[in-house]
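Taking it in order: structure first as structure tokens, then the write-up.
The values are calculated or read from the model by the stated rules, or taken from the named source; none is laboratory data. Note that the structure is a prediction, hence the values are computed from the model and not measured. Glycine also receives a Cβ, built like all others from the backbone with ideal geometry; neighbour counts cover every protein chain displayed. Just so you know, the surface numbers come from the protein's heavy atoms only, side chains and all, with ligands and any DNA or RNA stripped out. Shrake-Rupley method; radii C 1.70, N 1.55, O 1.52, S 1.80 Å.
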Amino acid sequence: MPVGVSAFFIQLLVVLVVARIVGWLAIQVGQPRVVGEMIAGILLGPTLFGALAPDFQQQLFSADYRPFLSLGAQVGIGLYMFLVGLEFDTRMFKTRARSAVAISASGIVVPFVMACLLASWLLSYGGLFADNLSWTQAALFLGASISITAFPMLARVIQEQGLANSKLGTLVLAAGAIDDVAAWCLMALLLASFGGDDTLFYKAVIGAVVFATLMMTLVRKHAAQLESWYQREQRITPRLFLVILVLWVVSVSTTEWIGLHAVFGGFLLGVAMPRGLLAEHLIKRLQPLVLIGLVPLFFTVSGLKTDLSVLAQGTLWQIALAVIAASIFAKAVACYLAARLCGENHPMALAVGILMNARGMMELILLNIALQNGVIKEDLFSVLVLMTIVTTMMATPLFNVLQRRTSFRSQLD
């Protein structure tokens with residue numbers, strides 16, 4: 001067996017074991033497993049493992065073998081976003097459209113205003129963004145980073161709490177979905193403009209519009225036949241699975257080619273797939289592999305780029321505190337106030353603000369794309385990873401405290 005492949009399996013074993021242990025510990029203290037896995041990835045990086053045993057850490061996660069981890073992480077995130085798209089229910093917008101649009105608008109506009117204020121300050125600090133990044137591009141990136149929501153985590157929290165058909169469930173999921181789509185559009189616009197080549201910009205913008213249109217019309221129409229195929233066979237046959245896999249590869253490859261990222265292709269294909277027994281079976285079959293086997297690789301790849309010890313250097317810790325405070329205000333407070341203005345009662349609005357403030361894996365995906373494309377540097381990456389962890393860890397405990405109030409459930413219906 002080649003040395004590189006052996007090293008990959010050793011890395012994979014370490015990642016899965018550590019992620020499982022820290023994920024279990026997270027559950028014991030009332031946090032979702034994904035929070036523990038996020039922290040596990042950071043612990044394996046220079047923040048802890050690299051600080052305690054730098055030589056061993058460098059040997060285990062050698063730069064020569066990291067491409068294997070990165071490849072697994074990219075495949076995992078592409079499949080993860082495909083699953084997110086499969087679970088994306090457009091029907092949720094109909095019942096709470098007015099409030100959802102108002103809350104999502106506040107969760108986009110206020111973070112973007114905050115991003116405009118932060119952009120000048122962070123650019124003047126130096127060493128956080130790419131040297132050739134403009135103020136507009138910095139504001140676009142910060143706006144996307146602050147406004148994004150942990151949509152998949154929200155869906156699971158709502159489902160686990162039995163609130164899927166409640167006003168809160170439909171309202172938060174609809175608003176979170178709109179926010180995430182808007183955040184990814186901002187990110188797509190940034191990536192399209194960052195290359196500095198007008199041809200690349202127009203290729204990305206026009207390509208994204210054409211690709212999304214084709215996915216939501218032509219592909220969606222013909223993909224409906226896959227549901228009929230599944231119902232005839234009563235199972236996912238090898239041929240059917242191959243067709244879906246080919247569609248996934250074409251989708252992620254196309255978005256990479258036009259200058260965006262594979263996650264866009266994976267997500268849009270998931271949205272275009274028919275809803276029914278096929279989607280349910282795909283989720284059941286792929287989710288364990290993706291969430292247990294591949295997503296921890298993504299957290300580790302992120303963690304290897306994150307060194308939280310740099311926050312103790314100079315005034316970077318002040319920037320971290322300011323970014324965290326600004327992000328919480330721009331998301332949690334803004335969404336709470338928007339819900340109140342839409343006529344929702346105080347407990348409902350408070351729950352909306354708490355849940356919308358979580359950023360989770362969606363934020364980490366966005367940050368990794370920005371770092372990979374050279375939009376930001378590792379210091380700002382570490383600051384925003386810390387913001388992601390703090391805002392995500394806040395959500396479940398605060399929501400559980402709210403849940404324990406005897407009057408809370410009665411005010412959800």
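Where does the charge balance sit around Asp379 when Lys and Arg score +1, Asp and Glu -1, over other residues with C-beta under 14 Å from its C-beta? In short, -1. Of the labelled figures [x] 33; [y] 23; [z] 37, only one reflects percent of Cα pairs over 36 Å apart as derived from the coordinates, namely [y]. Carbon-plus-sulfur accessible fraction, the chain (probe radius 1.4 Å, protein heavy atoms only): 67%.
Centre-to-centre, using Cα atoms only, the range 294-309 and the range 225-257 are separated by 31 Å. Accessible surface calculations at 1.4 Å, restricted to protein heavy atoms, place the range 118-159 at 33 Å² per residue.
Shape descriptor for the range 300-412: Rg over Rh equals 1.07 (Cα atoms; Rh from the Kirkwood inverse mean 1/r). The length gained by stretching the chain between Val390 and Asp64 to full extension, at 0.36 nm per residue less their Cα-Cα distance, is 114.1 nm.
How would the range 234-390 be classified by its alpha-carbon gyration tensor: rounded, prolate or oblate, with rounded meaning a/c under 1.5 and the a/b versus b/c comparison settling the rest? Since a/c reaches 1.5 but b/c is at least a/b, the shape of the range 234-390 is classed as oblate. Taking 0.36 nm per residue of separation and subtracting the Cα-Cα distance, full extension of the segment from Val14 to Trp229 would add 73.4 nm. A Förster radius of 30 Å, combined with the Cβ-Cβ distance separating Ile292 from Asn400, puts the computed FRET efficiency at roughly 0.75. First measure r as the distance between the Cβ atoms of Arg340 and Gln372, then evaluate 1/(1 + (r/R0)^6) with R0 = 51 Å and state the FRET efficiency to the nearest 0.05. Working from the Cβ atoms, E equals 0.85.
In this calculation the C-beta distance from Arg98 to Ser134 is compared with R0 = 45 Å, giving a FRET efficiency of 0.80.
Taken per residue, the accessible surface of the range 1-56 reaches 53 Å², heavy atoms only and a 1.4 Å probe. Accessible surface computed residue by residue for the range 250-391, with neighbouring protein chains in place and a 1.4 Å probe, gives 32 Å² per residue. Adding -39500 (n - 2.57) for every DSSP H run of four residues or longer, then dividing by how many residues the chain holds, sets the calculated 222 nm ellipticity at -24500 deg cm²/dmol. For the chain, the tally of Lys pairs with Cα-Cα distances below 25 Å comes to 7, considering only residues 8 or more apart or on different chains.
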